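Below is one structure, written out as structure tokens; comments come after it.
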């Protein structure tokens, strides 16, 4: 596939500012088959990153459309995608206990998407006190 515009590069390395597992209300069947079990113990993870200043071809970013956060329960295998628009902070909710893996991509106004950022893993313990 050819692309006419440079892709944005997003990297967690040195750019992830904070990550916090929080208890949140949850439970029951949400009716959505998103690879996330419906349980009574669901949590949220808040992510913050610095916006990219360069495209993957090292040209200046001028047409940033937004970001997508990818979430999975195995490294490099993402079962869930959340488009967070042009914000560089997001909270991903409805996460059950266990290890969750996160990566971010950026996309331009034409919808061209960058490569995945470095991956971040977060362990949500089964006995996290609320």
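The values are calculated or read from the model by the stated rules, or taken from the named source; none is laboratory data. Please read these numbers as outputs of a predicted model, since none were measured by experiment. Reconstructed Cβ throughout: ideal geometry from the backbone, glycine too, with neighbour counts over all protein chains shown.
The condition (being at pLDDT 90 or above and in contact with a strand residue (DSSP E or B) (Cβ under 6 Å, 6 or more places away or on another chain)) is satisfied by just one residue among 79, 121: 79.
Filter the range 61-78 down to the residues that are surrounded by 13 or more Cβ atoms within 10 Å (Cβ to Cβ), at negative phi and either over 10 Å from the mean Cα position of the chain (by Cα) or not in a strand (DSSP E or B) (or both) and list them by number. Across the range 61-78, the qualifying residues are 61, 63, 64, 65, 73, 78.
Scanning the range 41-51 for residues that are in contact (Cβ under 8 Å) with a residue 60 or more places away in the chain and assigned to a loop (DSSP other than H, G, I, E, B), we see that the one that is farthest from residue 101 (Cα to Cα) is 41. Scanning the range 79-88 for residues that are without any contact (Cβ under 8 Å) to a residue 24 or more places away in the chain and not in a loop (DSSP other than H, G, I, E, B) returns 81, 82, 83, 84, 85. Screening the candidates 86, 58 for the property of being under 19 Å from residue 112 (Cβ atoms), at pLDDT 90 or above and surrounded by fewer than 19 Cβ atoms within 10 Å (Cβ to Cβ) yields one hit, 86.
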